1. Taking region 114-181, which GluC sites (Glu not before Pro) meet the DSSP loop condition and have no more than 12 other C-beta atoms within 10 Å?
2. Quick one: helix 62-76 against the long Cα principal axis of the chain, what's the angle to the nearest 10°, folded into 0 to 90?
3. How big is the chain by Rg and Dmax over its Cα atoms, in Å?
4. Can you give the charge dipole size of the chain about its Cα centre, rounded to the nearest 20 debye, using +1 on the beta carbon of Lys and Arg and -1 on the beta carbon of Asp and Glu?
5. Find the relative contact order for region 57-194 and round it to a whole percent, using C-alpha pairs within less than 8 Å whose residues are 6+ positions apart.
6. Take the chain, connect every pair of alpha-carbon atoms lying under 10 Å apart with a spring to form a Gaussian network, then pick out the residue of Ile17, Ile192, Ile132 with the largest mean-square fluctuation.
7. Only Cα pairs under 8 Å and at least 6 apart count here; give the relative contact order of the chain as a rounded whole percent.
8. Assuming 0.36 nm per residue, please report the length gained on full extension of the stretch Leu46 to Met215 beyond their Cα-Cα distance.
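The values are calculated or read from the model by the stated rules, or taken from the named source; none is laboratory data. These numbers were taken from a predicted model, which means no experiment stands behind them. Here the Cβ positions follow ideal geometry from the backbone for every residue, glycine too, while neighbour counts run over all protein chains shown. Just so you know, the surface numbers come from the protein's heavy atoms only, side chains and all, with ligands and any DNA or RNA stripped out. Shrake-Rupley method; radii C 1.70, N 1.55, O 1.52, S 1.80 Å.
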Amino acid sequence: MANIFKTIFTSNKKLNIDQQIMKKTVVSFFFFFVFAGAAFWGWKWLRKQPMEPGSEKNRTSAVLRKVLNTNEDIFKGLLSKNNLAKEYPRSKAANPARVNGYLGLKTKLDSNWAMNVIKANGDTLKIKLDDIKKLPKIEFAFNFKCIEGWSQVTHWGGVKFSDFVKAYGLGTESAMNYLGLATPDKQYYVGIDMPSALHPQTILCYELNGMTLPMDQGYPLRLIIPVKYGVKSLKRIGYMYFDNKRTPDYWADVRGYDYYTGL
Ligand SMILES: Nc1nc2c(c(=O)[nH]1)N[C@H]1C(S)=C(S)[C@@H](COP(=O)(O)O)O[C@H]1N2
Ligand SMILES: [Mo]
């Protein structure tokens, strides 16, 4: 045995086929054990690391959280205003469009609905759908993607969020780092980084396929944000607020999804 090791690793004669196979096998096993050992050791180390403060119940590893946050920081940097989501001919749009997600839609819609915009100084604006409709309207079709693994081309109409903040004098608010949206019953809520909210294709949307939004697709007003996965396109906006810290997010807080879910 010792002999054959000596032959295959130190001999400078050309090895025969059996010796070559033997050499490759030995080398492969060596690396296999080194990597398996490293993985096992790494896993034991990870298990011993402290949990993130405040996550006693759902036990989020502080180290893993740091990795996720670093990834998020890298990928949020990829967003740019010049980076438009591809638009499609409206004739390619699904009709009817698929419905997904009923969080925050189970409560009866108040016939007196208005969007509550909570300003930085605590004042609240109550904005009706008719007010929104007075602002310039844009329409486009794009490929809407859900993290559950489906996507479809859909055609939406509404007001650019960036036009909305200008029209309502929300300069101080839109200079903050994060936007927050919640349904009227607060059962569903999303947090969005401001650069993505101000992206030229992010709209406060009130039309689907050229018609009034269906109830289960967010009537009277929803967000459509093509630079993000569907989870961020909150249906039935009840509240809008702003913060320099991350605003709460149904899927990112507790449930541990990526906060930015950028595309
Ligand atoms: N209020 C509310 N908005 C929501 C959801 C939800 O459950 N409740 N689901 C989200 C998800 S995961 C997706 S994919 C899209 C689906 O939009 P659609 O029903 O118009 O296809 O809505 C998003 N907005
Ligand atoms: Mo989704």
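1. Glu148
2. Compared with the principal axis, the helix lies near 60 degrees.
3. Over the chain's Cα set, Rg and Dmax evaluate to 26.4, 90 Å.
4. Approximately 920 debye in magnitude.
5. Relative contact order for region 57-194 comes out at 22 percent.
6. The residue that fluctuates most here is Ile17.
7. Answer for the chain is 18 percent.
8. 56.2 nm
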